[in-house]
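Here's the structure we're looking at; comments come further down.
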Amino acid sequence: MRSLIYTCLACLLLSQVSLSAKQKEAATDPAWDGLAFSIEDSRCFVGLAPVYLSVSKLKPKDGNLVGTYTINVPLMTSKNDKGKIVLPLKSKVSVLGAKGGVLKGKAHSETEEGAINDIVCVIRPEKDQAIELAITTEHRTVNFKSRYTVIEAKQDG
């Protein structure tokens, strides 16, 4: 019976240590405030061709705002792309969502091996939570306009 009690106590202690480590990790990321950006899908045109952009939740991670993107070009499917967005973050999501700002980072393509494109994200809260994403490739800059919402998010999920 004692060994069962000691085993239970050890399990409780280990779970507390694990929980404490996760809380400490979250506390050490100065940008983490339990919030993320949700961006509506958007569309722009390159010439006559529509180009569609979908972005996952953008969440703070290791001092950056991180998410994934998918670009769909129906008239030229060879130009479709997907990858990871990494935007250096100098403030909390709540502050950026309320006051706005400009983030300059990189879009790391999974489709074109090794391709890394510049991305500029302009957040404009005063204009109905507008967001502009400009992705610059070696051929052109594609400008998307959309809207964002600041949402609650889990740090690791």
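In the distance distribution for segment 34-102, Cα-Cα pairs more than 14 Å apart total 63 percent. Pairs of Lys residues in segment 35-152, spaced 8 or more positions apart or belonging to different chains, with C-alpha separations under 17 angstrom: 25 in total. With R₀ set to 25 Å, the beta-carbon distance separating A49 from K99 gives a calculated FRET efficiency near 0.10.
Principal axis extents of the C-alpha atoms in segment 35-152 (largest first, rounded to whole Å): 39, 29, 22. Taken about its Cα centre, segment 35-152 carries a charge dipole of about 340 debye when Lys and Arg each add +1 at the Cβ and Asp and Glu each add -1 at the Cβ.
What is the list of residues in segment 77-105 whose amide nitrogen lies under 20 Å from a point 7 angstrom out from the Cα of I116, following Cα to Cβ? Correct set: 81-90, 103-105.
Values in this text are rule-based calculations from the coordinates and carry no lab data. Quantities reported herein were computed from a predicted structural model and do not represent experimental measurements. Ideal geometry is used to build each Cβ from the backbone, glycine not excepted, and the neighbour counts take in all protein chains shown.
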